[in-house]
Every structure is written in structure tokens, then in C-alpha cells.
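Trainee: Pasting a structure below so you can have a look.
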Amino acid sequence: MRLLPRLALAMALVAVSVAGLSGWLAYRVAADHVGRALSLGGSLNPGAPRMGLRRQRLLQDLRASLWTAVGGALLLGLGVGTLLASNLVRPVQELAEVAEAYRKGDRRRRARVVGKDEVAEVARSFNLLLDTLERKEAEEKRLFSDIAHDLRTPLTVLQGDLEAMEDGLLPCTPENLRRLQEEVRFLARLVEDIRLLTQAEEGALRLSPKVLDLEALARKMLDRFRIQAEAKGVQLSLAGEPLWVLADAEALSRVLQNLLDNAVRHTPPGGRVEVALGREGSWARLEVRDTGPGLRPGEEEKVFQRFYRGDPARTRGGSGLGLSIAKALAEAMGGRLQGANRKEGGAVFVLWLPLTQGKGLSS
């Protein structure tokens, strides 16, 4: 049985029960009073005719009134119960209709929110859920499109060159093989970046936090980029005080690597990439500054989106996931990462991590 008739019948049964119980109690009391009254009248007037018949007729009238009251209560309970139940069930039915419409592909339909009661709160929460699902679905579609776009180029190159080698149009030289290996490595790096980002966003990473020397780790990472930076004519520098943080060594190294890679790639020849360390309350603050073109207005948050590219014409230099991975890993370690523009020109990315209670914080 559906909810509407069940609620209506429940309210009708309540009404009938109340009417029947109250009527039965009234009937019992009235029967006792009538019996005593007639008995008293008979004892005072022994000649009163047919006292028993009068008592019987009076009780019959009481029973008839009782059944009339019960019937009226039943009809009234059914009517009022149906009206109240329909008002309660209608929003629930609408939620079911909206959910079914969403399942069939209608992403714009939403439930009406009327009033401020619990049912309205459920409808409001249901609409927020649909908004979240729609946004997630759009993000997944965009993600699949971006992955397909980034996979298409190296796969096309590999397929074309391998077919050319097979047909004898392209010599199988070490140089051509190295170029194909670069495409394979790019594909492997893209797949690994997607896997890492997905795990970080879902909280599935297995991190092992420990006390780390942030200055030593930053210096070590700068040394890895020194050859690449010198080949491009970019100067690297590190300044600031020694800081100790509680973080996962591998994850933190990946964050610094992605930030430095992004800075070096976007800094023109003759520019500078600076890493500055400092403390801000109970937080260690690491800044990666560059002298590149900086961020365009409104890009402060967009640069952390998957596969976001501010300049569509720029050459491919990474998977497009570096900053997304850096932000996800920073948050997984209890920190945060933000991007902004410097007053002197260029971009700056600021990483906050919790200082340790030992060497990093003064007692």
C-alpha cells in the first residue's frame, strides 16, 4: 500500500478509536446513571408503567448515537487524514519524480522548496546533492576529454613513426628510438600522475609523516633543477631560516618538484626562480617565486584545476597535473597551497606546512 492511503487510514483509525472509546465510556456511565435514575423513580412510584421498556429504549438511543458518532468520526478522519497526508506526501512524491528525471538525463529539474519545515529542509538538501552530482559529472566529462586530448598526441606520434619504420620510410636510428621513448615516458608519467592525483583527492594515499628539514630538502631539490635552469639561463636561489616540519618525505619532495618545474618552465631566459623560507605562527612558509609572465586575473584558483592551461598555445612541457598534484598532496599532509602574483612581476606559490614542536618551534 502506498504512503498516502496508509497515512489517511492511520489518521481515520485514530479518530475512530478516540470516538469509539469515548463513546463507549459515555455509554457505560450513562447506562449506570439511567439505571439508578429509573430504579429510584420506580421505588418512589411503584405504579409507574413499563419502567424496563423505557430504560431499554433510552439505551438503544444511546447506542445509536454512539454508532453515529463513530461513523462521523470515521468519515471525518478519512477526509482530514487524506488532506493532511496528501500535503505530507506531495513533496516526497516530487522528490521521487525529480530523482527519476535526473536518472533519465534531465539535469536542470529541481524540487520546490516551500516553507522552512523539515520537509523543506530535505528538499533543499536534495537540490544541493543534485547540484554536487551535476558538477562532479561535468568535471569527470572534462577530465576524460582532457585525458583523451593529452593521450592523442603521443599516441599519434608513436603510431605514425612506428608505421613509417615498418614501411621503411623512417630509419630505425638511436635518435628516432630515443624520441619514441620520450613519448612513451610521457604517457607513463601522465598515467602515474592521474593515479597519484586520484588517490590524493580520495584520501587513499598512505603517508608516513616524520620530522623533515625543510631547508635541506628545498636545497636538494634546487640542485636537481640547476642543470635544467642553467641551460635555460635561469638563476636559482634559496633564502630563509632553517625550519623543521612534520610531513611525508616523498610527498613533500613531489610538491617541491612540481612547484620548481612549473617556475623554471615559465621563467624566460635571464630570469630568476627564488625559494624563500620563513615561519608564520605555527606554520612553516615556503615561497617559490619566478619572474615569468605571472597569473592572469582569475587564475589564482584555476591553475590548480586538472589539465588547466592558461595559454593554450604554449608548448607541452608536462602532464598538466603538476599544480593539481602539489595542492592535493599539500592538503593531504595537513597544509595548504596558494598561488598569486608578485608586485615586482611574476608568480609566487606559497606552501604552508605545520612546524614541529622540536627544532622548528621555539618553546
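Nothing in this text is a laboratory measurement; each read-out follows from the coordinates by a stated rule. Computed from a predicted structure; not experimentally measured. As a convention, Cβ positions derive from the backbone with ideal geometry for all residues, glycine included, and neighbour counts pool all protein chains shown.
Trainee: Between D223 and S125, what FRET efficiency follows from the Cβ-Cβ distance if R0 is 45 Å, with the result rounded to 0.05?
Mentor: About 0.30, to the nearest 0.05.
Trainee: Amide H of L170: which non-local residues (sequence gap of 5 or more, or other chain) have their own amide H closer than 5 Å, using H built in the peptide plane?
Mentor: The answer is M165.
Trainee: Further question on the same structure: Scan around R279 for amide H atoms under 5 Å from its own, H built in the peptide plane at 1.01 Å from N, and keep only partners 5 or more places away or cross-chain.
Mentor: R285
Trainee: Between Q159 and V191, how high is the FRET efficiency from 1/(1 + (r/R0)^6) when r is the Cβ-Cβ distance and R₀ = 22 Å? Nearest 0.05.
Mentor: The pair Q159/V191 has a calculated efficiency of 0.80.
Trainee: Bins of 5 Å, beginning at zero and ending with the bin holding the largest distance: percent of Cα pairs per bin for segment 180-320, please.
Mentor: 2, 8, 15, 19, 20, 20, 11, 4, 1, 0
Trainee: Return one quarter of the surface area of the convex hull spanned by the alpha-carbon atoms of segment 128-172, equal to its mean projected area, in nm². Could the numbers behind the result be given before it?
Mentor: On the way: hull surface 13.4 nm².
Value for segment 128-172: 3.4 nm².
Trainee: Within segment 196-294, which GluC sites (Glu not before Pro) sit in a loop by DSSP and count at most 15 neighbouring Cβ atoms inside 10 Å?
Mentor: The qualifying sites are E202.
Trainee: State to the nearest 20 debye the size of the charge dipole of segment 132-258 about its Cα centre, where the only charges are +1 on K and R beta carbons and -1 on D and E beta carbons. Before the final figure, lay out each step's value.
Mentor: On the way: 18 positive and 24 negative charges, 82 e Å.
Approximately 400 debye in magnitude.
Trainee: For G294, which sequence-distant residues (separation of 5 or more, or a different chain) have an amide H within less than 5 Å of its own amide H, given hydrogens modelled in the peptide plane?
Mentor: G346, A347
Trainee: Here's a follow-up. Between E97 and K302, what is the FRET efficiency for a Förster distance of 45 Å, r being their Cβ-Cβ separation, to the nearest 0.05?
Mentor: According to the calculation, E is roughly 0.80.
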